[in-house]
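The structure's right below; bear with me while I get my questions together.
The values are calculated or read from the model by the stated rules, or taken from the named source; none is laboratory data. Source: prediction; values computed, not measured. Note that we place each Cβ from the backbone using ideal geometry, even for glycine, and neighbour counts take in every protein chain shown. Areas reflect the complete protein model, heavy atoms only, side chains present, ligands, DNA and RNA absent. Shrake-Rupley method; radii C 1.70, N 1.55, O 1.52, S 1.80 Å.
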Amino acid sequence: MVAFVEVTPETICRQRGNGKTTEIEILPDLMELAQQTCGELPMVIHGVELSIGSAHGWNDAYLRMLDSFQQAWPFVWHSEHLGFQTISGDDGASLDVGVPLPMPPTKEAAALVASRGDAILQRYGVPFLLENPAHYFFDLPTDPEIEGDIGLLHSITETSGCRLLLDLHNLYCNAVNHKFDPFKAIDRMPLDQVLEIHVAGGSWRDGFWMDAHDGRVPERVWEMLDYALPKVPHVAGVVFELLEEHAVSLGPEAIADELNHARNIWNARRAA
Amino acid sequence: MALIEFQTGLGRLLREHKSSDPLHGVNLDANEKRYFETLQETAGFRFCASIQRSWCIARAAKSAHFTLSLLPDKERQALLDDWVDAGAGTNSFFDAEGESFLGFISKRLTDPSHELSVCQFEQATFRASNGASSYASPDLSGLANTDRKLRHGRHATLVRLYLDPSLLIESMQTRKPLPPLSTEPLVLMFSPGLPQLCNAPSEEEIATWEALDAPASVGTLLSLNISPETLAGLLEQGTIDYAD
């Protein structure tokens, strides 16, 4: 049922210090437990703390941690969210905003992320993927040449070695909240750059469909997977995302159902 | 708009929503200021702000789980609101702020009380655990110098629980009222060099801790009939440290 695992390294780490002296350290007990749990399965990294798009600087402590992580447990590829979650404080220290935020589709944003993506590619020597984010802003600053969120993905992948993690639930969220057709959006994506796909569940809150990772995958997202898989020639895997705190309430049978569902679509579409 | 101004502006609006001028010092022209004024009124921004706030509250609540479990709902919510309104709860590594949040809570609790004991217990756990990964015992030979001053270890805490821990946990789970404080508290010592971070200290170890409420010399401690072996043991496990 499971062909590979995706690890978010921050979940087995702790942060020490603050501001300019912050370090993220791997907790050896949790690392050992994670390795035992995953056994011999291939492992990929899905980070959340890099803040690759922060104009004042990305999270160096995260990368230092990832250097050690790779030494201890090599990964097949590495992905991060396209966005930012830190800003510069008055004293120059990095401040967490508390929630991930989207990059504006501008030339400056594209160039910044592309150059950082290339640096990461060189640093780790494995493919580096950017995940298309869900967001709730209708009017971000934009450059006409970039053509919106999807144009930003094109611009970055065309000017760097970055590949794409196509998060179908994020795309679904944006389609619901921003009122566009998700299937047409899939067609506009840089599909030849997609190496991995995410599916997940969400829920309604205050009139928005939220990327909550709190349950089963909506039927529409399964349809999007069915639609997208034949169009992504280099895709290597599909991951079902669920937050730890919702795993118990969803239950192992439902989780197995979701994994089997993904597997069945994969077999039907990738074998065809 | 330059990327850094956009990010600083948006980030500040979300982090500092209580501030009268969150965009103060951000290099924006009139159009850019208008952009942010309009943005704040959009449903998308308000939704993002509500998510940010609920995540910050959830992180803080996680870091003080046991203490908050003992408090009435209204008091618990007020503490969380005040903490997050001050700009805290934004760090994804919730335990990084845990010790500070518990310190903030402890100032608002009755001394002594079960609630304060549990708060100190959680704070002590964070403190010892934060010190444990990089802890190295100091050179014990300094104890030979009777003028050498000692103090409490930076990551050590002594906690008194006025109720059997199993009854405390039961009360957290069932929300039953807590009984009066016991006159014979259970004393626990947290130190970064202890294998389980915590033990039940001897009378002599408690006396040493109390004698070090202010830094004191080795000679002073020996004159209080504290043995060199006890000092060496406490120094080795990080309960006490050299003051200089």
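Scan around residue A:45 for amide H atoms under 5 Å from its own, H built in the peptide plane at 1.01 Å from N, and keep only partners 5 or more places away or cross-chain.
Amide H neighbours of residue A:45: A:7, A:76, A:77, A:78, A:79.
Counting Lys +1, Arg +1, Asp -1, Glu -1, what net charge surrounds residue B:18 among other residues with beta carbon under 12 Å of its beta carbon?
Surrounding charge for residue B:18 is -2.
Which parts of region B:1-32, residue by residue, lose 20 Å² or more of accessible area when the rest of the protein chains are there, as against the chain isolated (1.4 Å probe)?
Residues shielded by partner chains are B:1, B:3, B:4, B:6, B:7, B:8, B:10, B:11, B:12, B:14, B:15.
Then there's this: Please check which bits of region A:250-265 a label hung off residue A:3 would reach, taking the label as a point 7 Å along Cα-to-C-beta and the cut-off as backbone N under 12 Å.
Zone members listed by number: A:262-265.
When the accessible area of each residue in region B:77-93 is compared between its chain alone and the complete protein assembly (1.4 Å probe; ligands, DNA and RNA ignored), which residues differ by at least 10 Å², being lower in the assembly?
The answer is B:90, B:91, B:92, B:93 - residues whose exposure falls by at least 10 Å² when every protein chain is included.
With every protein chain left in place, what is the accessible area per residue of region B:68-163 in square angstrom, probe 1.4 Å?
Details: 4380 Å² over 96 residues.
Here the residues of region B:68-163 average 46 Å² of exposed surface.
Quick one: net charge around residue B:51, please, counting Lys, Arg +1 and Asp, Glu -1 for every other residue with C-beta under 12 Å from its C-beta.
Numbers: positive: A:205, B:46, B:53; negative: A:206, A:211.
Cβ neighbours under 12 Å give a net charge of +1.
Residues with beta-carbon under 12 Å from that of residue B:82, excluding residue B:82: net charge, scoring Lys, Arg +1 and Asp, Glu -1?
Working: positive: B:18, B:76, B:107, B:108; negative: B:75, B:81, B:85.
Local charge sum for residue B:82: +1.
Follow-up. Compute the longest continuous run of chain A that contains no exposed GluC sites (Glu not before Pro); treat a site as exposed when its DSSP state is not H, G, I, E or B and it has at most 16 other Cβ atoms within 10 Å.
Excluding the exposed sites themselves, the longest stretch runs over A:148-272.
Among the chymotrypsin sites (Phe, Trp or Tyr not before Pro) in region A:143-231, which ones are in a DSSP loop with at most 15 other Cβ atoms within 10 Å of the Cβ? Mind listing them? Intermediate values should be presented prior to the final figure.
Details: sites: A:172, A:180, A:183, A:204, A:208, A:209, A:222, A:227; in loops: A:180.
Sparse-neighbourhood loop chymotrypsin sites (Phe, Trp or Tyr not before Pro): A:180.
Output ³J(HN,Hα) for region A:72-89: one whole-Hz value per residue in order, computed from phi by the Karplus curve 6.51 cos²θ - 1.76 cosθ + 1.60 with θ = phi - 60°, and x for Gly and Pro.
7, 8, x, 10, 7, 8, 9, 10, 8, 7, 7, x, 9, 9, 10, 10, 8, x
Under a Cβ-only charge scheme (Lys and Arg +1, Asp and Glu -1), can you give me the dipole magnitude of region B:136-242 about the Cα centre, in debye to the nearest 20? Each step should come with its number before you reach the end.
On the way: 7 positive and 13 negative charges, 85 e Å.
Value, rounded to 20: 400 debye.
Got a sec? Which residues of region A:92-128 lose 40 Å² or more of accessible surface with every protein chain in place, vs. that chain alone, 1.4 Å probe?
Output list: A:96, A:97, A:98, A:99, A:108.
Follow-up question, since we're still on this one. Calculate the length of the line joining the C-alpha centroid of region B:61-131 to that of region A:24-60, in whole Å.
So the separation of the two Cα centres works out to 27 Å.
Okay, moving on. Place +1 on the Cβ of every Lys and Arg and -1 on the Cβ of every Asp and Glu in the protein assembly as shown, take the dipole about the Cα centre, and give the residue among A:115, A:221, B:54 whose Cα lies farthest towards its positive end.
In the protein assembly as shown, that residue is A:221.
Please turn the phi angles of region B:178-186 into ³J(HN,Hα) values with the Karplus equation 6.51 cos²θ - 1.76 cosθ + 1.60 (θ = phi - 60°), one per residue in order, whole Hz, x for glycine and proline.
Per residue, the Karplus-derived 3J(HN,Hα) values read 7, x, x, 5, 6, 7, 10, x, 8 Hz.
Amide H neighbours of residue A:205 under 5 Å, at least 5 residues apart or on other chains, H built in the peptide plane: list them.
A:210
Can you pull out the buried accessible area for chains B and A, both sides counted, probe 1.4 Å, rounded to the nearest 100 Å²?
3200
Relative to the longest principal axis of chain B, what angle (0 to 90°, nearest 10) does the C-alpha long axis of helix B:94-106 take?
Roughly 70 degrees between the two axes.
Once amide H atoms are built 1.01 Å from N in the peptide plane, which residues 5 or more positions from residue A:239, or in another chain, come under 5 Å H to H?
HN-HN under 5 Å from residue A:239: A:197, A:198, A:199.
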